[in-house]
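The structure appears below as structure tokens.
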Amino acid sequence: MKLLELQRKFAADLMAPLGRGDQVSRKIKASYIKPNDRLTAIERLEIYSRSYWYRLIDSMYEDFPGLRAIVGPRAFDKLVRAYLADCPSRSFTLRDLGSRLHEWLKKHKSFAGNKADVALDMIALEWAHIEAWDAAEEKMLGPEDLLELGPNLRIGLQPHISLLDLKYPVDDLRIRAASNQEEHETVSNAATKPKKRRTLAAGRLKPERIFVAVHRMDDSIYYRRLDRDEFHLLRTLRERKPVGRALAICVRQSSRGAEELRKNLQKWFAAWAELGWLTRV
């Protein structure tokens, strides 16, 4: 067996999903691995296979505490293992591990039972949280830049901002779940079992449509609830339409009176500029 063939064979066996009892699948033949006086070839492979899989599972536990609080620890473990088996890592970084989870769960709702809809909202929020950490930041417009605000000015939003239209108030639950998550130690390459964590009992959330901006400020991630009109105006600005056109769309769609809307617009633009959300196109 040539070196490249050996490397590919080992990688495929190493990354194959674990079987019952977290053992290497019986279908795998590890005759290319030399046993020793203490371990068989399969047992030697199993050390590395478990280390690999436990690190992936541990990363999902860290990134999705809100989802775990919603479905419960046992269902979460089954969900994560099934997802990773269907959507194995294709990136050099664990940061991208959950990038396909939302689309996957939409096709496999049974893993979340009767909580699938709220679970999907939570995944959308938690993935936005991940993206906000390392997304780019462009030169911001300050309050003074808005003094010469004209109808043809094009304003953009910071790349790290996600605008979410959610059916459930999952933002508060995510904050509680994250604060409940225990500090974890660095995973050893010789890990033998996944970490145990306390879980937050999450009752069934009642439907409540909310609009949330997930953003980064001072190296921290924040969730800011938005007014409906505020959300739609921000989404229009994100499309980089001229300010005049964006405001016209906002006025047309709003149920507010002209004077009330004008006061809100002044308040919103001032807040966005102070938060550093606005950029010049």
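The values are calculated or read from the model by the stated rules, or taken from the named source; none is laboratory data. Since this is a predicted model, take the numbers as computed values, not measurements. Using ideal geometry, Cβ is built from the backbone for each residue, glycine included, and neighbour counts are taken over all protein chains shown.
Here are some notes:
- The number of residues in the stretch 246-276 that are surrounded by 14 or more Cβ atoms within 10 Å (Cβ to Cβ), farther than 21 Å from GLU144 by Cα and in contact (Cβ under 8 Å) with a residue 24 or more places away in the chain comes to 3.
- Which listed residue, of ALA16, ALA11, ALA41, is closer than 30 Å to TRP133 by Cβ and out of contact with any helix residue (DSSP H, G or I) (no Cβ under 6 Å at 6 or more places or on another chain): ALA11
- Filtered residues of the stretch 149-191 (kept if modelled with pLDDT under 65 and either of a type outside the set (Gly, Ala, Ser) or closer than 21 Å to GLU274 by Cβ (or both)): GLU182, GLU183, HIS184, GLU185, THR186, VAL187, ASN189
- Residues that are surrounded by fewer than 20 Cβ atoms within 10 Å (Cβ to Cβ), closer than 24 Å to LEU6 by Cα and either hydroxyl-bearing (Ser, Thr, Tyr) or touching a Gly at 6+ places or on another chain (Cβ under 9 Å) (or both) within the stretch 34-86 comprise THR40, TYR48, SER51, TYR52, TYR54, listed in sequence order.
- Total residues in the stretch 1-33 satisfying the condition of being assigned to a loop (DSSP other than H, G, I, E, B), among the hydrophobic types (A, V, I, L, M, F, W, C) and surrounded by 13 or more Cβ atoms within 10 Å (Cβ to Cβ): the figure is 6.
- Of residues in the stretch 46-105 being of a type in the set (Val, Ile, Thr) and touching a residue at least 12 places away in the same chain (Cβ under 8 Å), the one nearest to ASN180 (Cα to Cα): ILE70
- Residue check, ARG38 part of a loop (DSSP other than H, G, I, E, B) and not polar (S, T, N, Q): yes
- Selected residue [closer than 18 Å to TRP53 by Cβ, out of contact with any helix residue (DSSP H, G or I) (no Cβ under 9 Å at 6 or more places or on another chain) and assigned to a helix (DSSP H, G or I)] from ALA128, ALA85: ALA85
- Some residue of the stretch 215-234 being assigned to a helix (DSSP H, G or I), of a type in the set (A, V, I, L, M), under 29 Å from the mean Cα position of the chain (by Cα) and over 20 Å from GLU126 (Cα atoms): yes
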